Amino acid sequence: MNVPLAYDAKTKQLSLPKEAERVVPLVKLEVDQLNTLVQELIANGSDVPPPPTPENFNKDMSKMIKKLYEGGVQAFKQGKYEESAKQFNIGVAMIARRTKFESFQGTLQELGLFLMSRADAYLKTKNYLGAFNDADMLIGMMMVTPDNFLRRGVANYLLGNYEDARADYQRGLSFDPDNQRLTTELEIVLDKILEENGDYL
Amino acid sequence: MDEETAEKIIKVSIWTPLLYVGVLMTCFIVFSVLYRRRKVENLSKIEPIFPENHTHSLYLFLKQQYTNPDATKESKPHEKVMKAALLRRGVEAIRRSLKLKEIEPSFNRLYQEGLIGDEMFKNFQFQAKFQEMDLKDIVQECETYKKGWVNQFFPVAQEICFNEALRRRLASMDERSKTFSIQWQYFVDKSEGAPAAPAPVEKEKNAIENQKEKVEEPTVEKTEEAKVKA
């Protein structure tokens with residue numbers, strides 16, 4: 001790595017020359033991540049980062065995040081879907097601002113709740129790509145519940161990806177074969193696929 | 001008879017065995033040097049599985065300044081900067097070790113079935129060995145900053161590794177949306193909010209709307225309840 005790096009003792013940050021930032025974006029990313037970790041370590045106060053236990057999870061931040069979640073749910077119930085999506089968005093951004101050495105499991109649980117609700121709000125505000133992204137991430141995070149497959153399936157249907165929607169509903173049904181909502185949605189999408197193929201009678 | 005045998009004894013100089021040992025040793029040393037040089041050359045030709053480890057280079061750069069006796073107060077990095085750099089190095093080492101563990105069964109299977117050659121399999125083994133050495137080096141470095149920190153170091157580095165992966169995934173969401181909109185030719189923003197997906201027939205549309213009403217609202221309530229319970 002032949003990049004001229006500079007260390008500033010005052011800010012305790014590393015920096016790259018402007019020209020180098022463009023040439024080696026990966027080094028820039030590493031330097032930025034290191035600087036963030038340094039800031040978080042200094043802000044934490046202890047000489048080494050604390051172990052990632054539930055006790056060391058930032059409680060103040062949890063309270064703020066919980067408030068945002070409740071606000072979002074309230075707005076959703078009142079039919080203010082745009083407002084609700086906005087609240088969930090801020091919540092997700094806040095979760096991403098937690099210190100990197102906090103418990104991953106705790107962060108994952110918080111994020112799961114927000115993504116589920118944001119996907120619903122996005123479906124209501126017709127942001128189907130956003131809803132698909134959220135539901136897809138939820139499934140990627142191993143939150144493989146029938147509800148999440150339903151979310152991704154509905155988003156896929158409304159995006160015109162009928163085969164993907166069918167696969168999602170069927171996968172959801174494999175977890176809960178008696179799920180009435182999934183069954184109805186599956187019937188609708190199967191009809192749609194027949195229609196698209198010109199086989200609809 | 002004794003006289004005859006006595007005559008046959010050849011006088012050997014004291015230098016002969018020494019010369020013999022000397023020649024043998026020289027041959028051995030030359031062979032060893034050449035063998036090692038060739039081995040190093042072969043190792044240097046190995047194409048690494050992973051790209052350049054920037055976290056490692058950054059740490060070495062900082063360490064050089066940290067241990068430099070001529071460094072001034074301004075140029076000497078703070079101890080927390082060193083610890084953070086070591087943590088970042090640990091994070092990358094964990095990420096690479098996890099990746100290697102993940103691909104190990106595939107490599108073994110492919111090698112057993114003869115689908116990859118000796119060279120590629122040796123590359124993989126070399127990378128695994130190298131990673132092991134890197135982890136040992138990190139442990140040693142860790143002990144220089146605080147005795148006993150190593151017990152906490154790797155769990156913390158692992159959390160950082162997972163949290164960073166989660167943030168990377170979150171940060172890539174907008175880019176994913178753009179890619180999908182091109183892939184699926186779904187340009188809602190460009191068509192003034194009109195849904196690009198073919199509108200469902202009236203009966204189905206109503207059915208979907210009804211379903212969505214049923215699906216979404218209780219889901220939010222449910223998650224809220226779940227959180228309250230948690």
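The values are calculated or read from the model by the stated rules, or taken from the named source; none is laboratory data. What you are looking at is a predicted structure, and each value in this text was computed from that prediction instead of being measured. Every residue, glycine as well, gets a Cβ built from its backbone with ideal geometry; the counts of neighbours run over all protein chains shown. The protein model used for the area step is the full one, side chains on, heavy atoms only, and it has no ligands, DNA or RNA in it. Shrake-Rupley method; radii C 1.70, N 1.55, O 1.52, S 1.80 Å.
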Using the per-residue mean of other Cβ atoms lying within 10 Å as a proxy for protection, in what order, highest first, do the peptides A:72-82, A:86-96, A:21-31, B:109-119 fall? A:86-96, A:72-82, A:21-31, B:109-119
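Quick one: divide the alpha-carbon radius of gyration of chain A by 2.2 N^0.38 Å and tell me what you get. List each step's numbers first, then the result.
Working: Rg = 22.2 Å, N = 201, 2.2 N^0.38 = 16.5 Å.
Expressed relative to 2.2 N^0.38 Å, the Cα Rg reads 1.34.
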In nm, what is the difference between 0.36 nm times the number of residues separating residue B:45 and residue B:112 and their Cα-Cα distance? 21.7 nm
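What's the buried accessible area, both sides, between A and B using a 1.4 Å probe, rounded to 100 Å²?
6700
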Report the Stokes-Einstein translational diffusion coefficient (µm² s⁻¹, integer) for the protein assembly as shown, Rh taken as the Kirkwood radius over Cα pairs, at 4 °C with viscosity 1.567 mPa s. 49
Counting heavy atoms of the protein chains only and a 1.4 Å probe, report the per residue accessible area for the stretch A:1-79 as a whole number of Å². 58
Averaged over B:114-122, how many beta carbons belonging to a partner chain fall within 10 Å of each residue's beta carbon? 0
Packing-ranked peptide list from A:33-43, A:9-19, highest mean Cβ count within 10 angstrom first, is A:33-43, A:9-19
Just to check I understand the Karplus step: with θ = phi - 60° and J = 6.51 cos²θ - 1.76 cosθ + 1.60, what whole-Hz values come out for the stretch B:61-76, glycine and proline as x? 4, 5, 5, 4, 6, 5, 8, 5, x, 8, 5, 7, 5, 6, 8, 7
Karplus couplings for the stretch A:180-195 from phi (6.51 cos²θ - 1.76 cosθ + 1.60, θ = phi - 60°), rounded to Hz, Gly and Pro as x? 5, 5, 4, 5, 4, 4, 5, 4, 4, 5, 5, 4, 5, 5, 4, 5
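Relative to 2.2 N^0.38 Å, what does the C-alpha radius of gyration of the stretch A:1-108 come to as a ratio? Two decimals please. Please list the in-between numbers first.
Working: Rg = 18.5 Å, N = 108, 2.2 N^0.38 = 13.0 Å.
Dividing the Cα Rg of the stretch A:1-108 by 2.2 N^0.38 Å gives 1.42.
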Work out the mean other chain Cβ neighbour count within 10 Å for the residues of A:119-126 and drop it here as an integer. 3
Carbon and sulfur atoms account, in whole percent of the 1.4 Å probe accessible area of the protein assembly as shown, for 57
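Sum up the charges of everything whose Cβ sits under 15 Å from the Cβ of residue A:16, counting Lys and Arg as +1 and Asp and Glu as -1, but leave residue A:16 out. List each step's numbers first, then the result.
Numbers: positive: A:18, A:22, A:28; negative: A:8, A:19, A:21, A:30, A:32.
Net local charge, residue A:16 excluded: -2.
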Stokes-Einstein D in µm²/s, Kirkwood radius over Cα pairs - the stretch B:50-171 at 20 °C with 1.002 mPa s viscosity: 132
Per-residue average of other protein chain Cβ atoms inside 10 Å, peptide A:73-82 -> 2
Distance cut-off 32 Å, Cα to Cα: go down the list A:63/B:80; A:67/B:99; A:18/B:39; B:45/B:101 and report the pairs above it. A:67/B:99; A:18/B:39
So how strong a dipole does the stretch A:58-125 carry about its Cα centre when Lys and Arg Cβ are +1 and Asp and Glu Cβ are -1, to the nearest 20 debye? 120
Sort the following peptides by mean Cβ neighbour count (other Cβ atoms within 10 Å, averaged over residues), highest first: B:34-41, B:177-184, A:130-137, B:92-99. A:130-137, B:92-99, B:177-184, B:34-41
Could you point to the residue in A:81, A:127, A:198 farthest towards the positive end of chain A's charge dipole, with +1 and -1 charges on the Cβ of Lys/Arg and Asp/Glu respectively? A:81
What angle do you read, to the nearest 10 degrees and between 0 and 90, between the alpha-carbon axis of helix A:104-124 and the longest principal axis of chain A? 50
Per residue value of the accessible surface for the stretch A:143-201 (all protein chains in place, 1.4 Å probe), Å²: 46
Tally Lys and Arg at +1 and Asp and Glu at -1 over the other residues with C-beta under 11 Å from the C-beta of residue A:53: what net charge comes out? -3
Tell me the net charge near residue B:167. Cut-off is 11 Å between Cβ atoms, residue B:167 excluded, with +1 for each Lys or Arg and -1 for each Asp or Glu. +4
Rounded to whole angstrom, the alpha-carbon centroid of the stretch B:37-82 lies from that of the stretch A:75-92 at a distance of 47
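Using the Cα centre of chain A as the reference point, and only Cβ charges (+1 on K/R, -1 on D/E), how large is the resulting charge dipole? Debye, rounded to the nearest 20.
Values: 24 positive and 29 negative charges, 189 e Å.
In total the dipole reaches around 900 debye.
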